[in-house]
Amino acid sequence: MAFQIQGINPLNFYHLLMLPETQLKEKNACWKLVDASPGYPCRVSLVDAKAGERVLCLPYSHHNTSSFYRASGPIFIREHAEPAKLDTNEVPLMLRHRLLSIRAYSCEGVMETAEVAQGAELEGVLEKQFSLGKVDYIHIHNALPGCFNCVVYRA
């Protein structure tokens, strides 16, 4: 089954990039200097930030649905992130070395199934979850900290 992984649209964050620290703090956001890689996966470029780069740390509503599965959590955005442009069935490297929580949702935003798997096994899990007729889209999270990474659609 063909799938398409998508990062977050950077237009959601451009208004924050030039704000001073005091205004970022009011929005529960801040800049952080990356001290190790991997460790700070960018949700726009779907690339791990390199040591020495700055990332914007902020809360993000990654599942903005009217269902009881509505959710938000912390994310990182690299300072000069370019949107990910992935081919059909392409998995970004930043997912390959992580333990992932893969959560499948119906078009009503209700979770239909979920499982934990290593990133190297992602294609098989996506195929299995999309084979369920009720699954409309899938969210991929880092399993240990639970942070949202990206969304997957049928291609």
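The values are calculated or read from the model by the stated rules, or taken from the named source; none is laboratory data. Since we're looking at a predicted model, the values are computed, not measured. Here the Cβ positions follow ideal geometry from the backbone for every residue, glycine too, while neighbour counts run over all protein chains shown.
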Hey, among the residues in the range 74-95 that are over 11 Å from the mean Cα position of the chain (by Cα) and within 15 Å of G39 (Cβ to Cβ), which one's surrounded by the fewest Cβ atoms within 10 Å (Cβ to Cβ)? L93
It is to be established whether one or more residues within the range 123-133 are among the small types (G, A, S) and surrounded by 13 or more Cβ atoms within 10 Å (Cβ to Cβ). no
Just one of the numbered conditions (1) over 24 Å from L58 (Cα atoms); (2) among the small types (G, A, S); (3) part of a loop (DSSP other than H, G, I, E, B); (4) touching a Lys or Arg at 6+ places or on another chain (Cβ under 8 Å) is not true of G109; which one? (1)
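Could you list, in sequence order, all residues of the range 135-150 that are within 15 Å of V91 (Cα to Cα) and over 10 Å from the mean Cα position of the chain (by Cα)? Talk me through it step by step, then tell me what you get.
Step one: of the range 135-150, the residues within 15 Å of V91 (Cα to Cα) are 138-142, 149-150.
Listed by number, the list holds a single entry, I138.
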Name the single residue that is nearest to E26 (Cα to Cα) among those in the range 47-69 being assigned to a loop (DSSP other than H, G, I, E, B) and within 18 Å of the chain's Cα centre (by Cα). N64
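For the range 112-132, enumerate the residues that are closer than 19 Å to L144 by Cβ and outside any helix (DSSP H, G or I). Can you show your working first?
Keep residues of the range 112-132 that are closer than 19 Å to L144 by Cβ, which gives 114-122, 125.
A114, E115, V116, A117, Q118 - these are the residues of the range 112-132 that are closer than 19 Å to L144 by Cβ and outside any helix (DSSP H, G or I).
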H80, sole failed condition from (1) free of Cβ contacts under 8 Å to residues at least 40 places away in the same chain; (2) in a strand (DSSP E or B): (2)
Report, ordered by the first and then the second residue, all pairs with beta carbons closer than 7 Å, sequence separation of six or more or different chains, a first member in the range 86-97 that is closer than 19 Å to N9 by Cβ and at pLDDT 95 or above, and a second member that is acidic (D, E) and surrounded by 12 or more Cβ atoms within 10 Å (Cβ to Cβ). M94/D48
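Got at least one residue in the range 16-34 being in contact with a Gly (Cβ under 8 Å, 6 or more places away or on another chain) and part of a loop (DSSP other than H, G, I, E, B)?
Filtering the range 16-34 for residues in contact with a Gly (Cβ under 8 Å, 6 or more places away or on another chain) gives 33-34.
Keeping just the survivors that are part of a loop (DSSP other than H, G, I, E, B) gives 34.
Yes.
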